[in-house]
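Report on the structure given below.
The values are calculated or read from the model by the stated rules, or taken from the named source; none is laboratory data. If you're wondering where the values come from, they're calculated on a predicted model, not measured in any experiment. When we count neighbours, we look across all protein chains shown, and the Cβ atoms used for this are built from the backbone with ideal geometry, even at glycine.
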């Protein structure tokens, strides 16, 4: 029998609904283990952001159980759990007058502005090492204002890694990036997973082309429900992606990278609904 790898995140029959009774997530069960790299895919309104809020200990479920890093929601402190999860959010505001190294240092304290008395030689060395790992060593002393969007995304990743989290959540990290910037980002993620083999990651995207070759697993959401989940090769298939996005999809894979194309003429046909369900009230 193979070794059982420790889970970092376990969701059991999780449901989330709004005060008006609209289901955002419905009966989601999901386990993420150390060293796994998950892609979280689905159309707009599928529930990806809500699922990420749960994974990052931002909110409680309406029903079901969530255990994050050994702490069960309702028994453990959510703020304490949040501090142990790395989150890469493209909307995170970076103070443009800071140097890149200074921004990365703020990840050690979880603040936007630096707390200078909290950063010593260890933190500064770690910040430089993370920037080098992500291909940004030459940016350390530059002001953030001079960095491109792609460079800022890699800086955000370095910042999120400062406290050495066992779980890293990436919310559409390639959004708005041009092709060279996207490829630099994916190369940085590949280098990261090679350097930190026990790190678990969850990457949210709408596009298969934005998934790094290190992706090991995938979860597909539609209308708040799981369409499929499991090893990437068994999940990112024509049939599963077609069911998830509600159109005929052809999936390709070359050198570890995925592509997805809609069937010819699909855009001239009626588009299926992908709205959320209303919760059944007893």
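For the range 1-38, how many residues are under 28 Å from residue 212 (Cα atoms) and out of contact with any strand residue (DSSP E or B) (no Cβ under 7 Å at 6 or more places or on another chain)? Residues that pass the stated criteria total 3.
So which helices (runs of 4 or more DSSP H) stay within the range 93-182 end to end and still have 2 or more residues that are more than 19 Å from the chain's Cα centre (by Cα) and at pLDDT 90 or above? Spell out the reasoning first.
Values: elements: 100-105, 121-133, 149-161.
Counting at least 2 such residues, we get 100-105, 121-133.
In this structure, is residue 90 part of a loop (DSSP other than H, G, I, E, B), over 21 Å from the mean Cα position of the chain (by Cα) and surrounded by 16 or more Cβ atoms within 10 Å (Cβ to Cβ)? Taking the combined requirement at face value, the residue does not satisfy it.
Against the conditions (1) modelled with pLDDT under 95; (2) within 13 Å of the chain's Cα centre (by Cα); (3) buried (at least 21 other Cβ atoms within 10 Å of the Cβ), residue 219 satisfies every one except (1).
Residue-by-condition table, conditions (1) surrounded by fewer than 16 Cβ atoms within 10 Å (Cβ to Cβ); (2) without any contact (Cβ under 8 Å) to a residue 12 or more places away in the chain; (3) in contact with a helix residue (DSSP H, G or I) (Cβ under 7 Å, 6 or more places away or on another chain); (4) not in a loop (DSSP other than H, G, I, E, B):
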{"residue": "20", "(1), (2), (3), (4)": "yes, yes, no, no"}
{"residue": "40", "(1), (2), (3), (4)": "no, no, yes, yes"}
{"residue": "46", "(1), (2), (3), (4)": "no, no, no, no"}
{"residue": "66", "(1), (2), (3), (4)": "no, no, yes, yes"}
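Of the residues making up the range 121-141, one or more are surrounded by 15 or more Cβ atoms within 10 Å (Cβ to Cβ), in contact with a helix residue (DSSP H, G or I) (Cβ under 9 Å, 6 or more places away or on another chain) and over 21 Å from residue 165 (Cα atoms).
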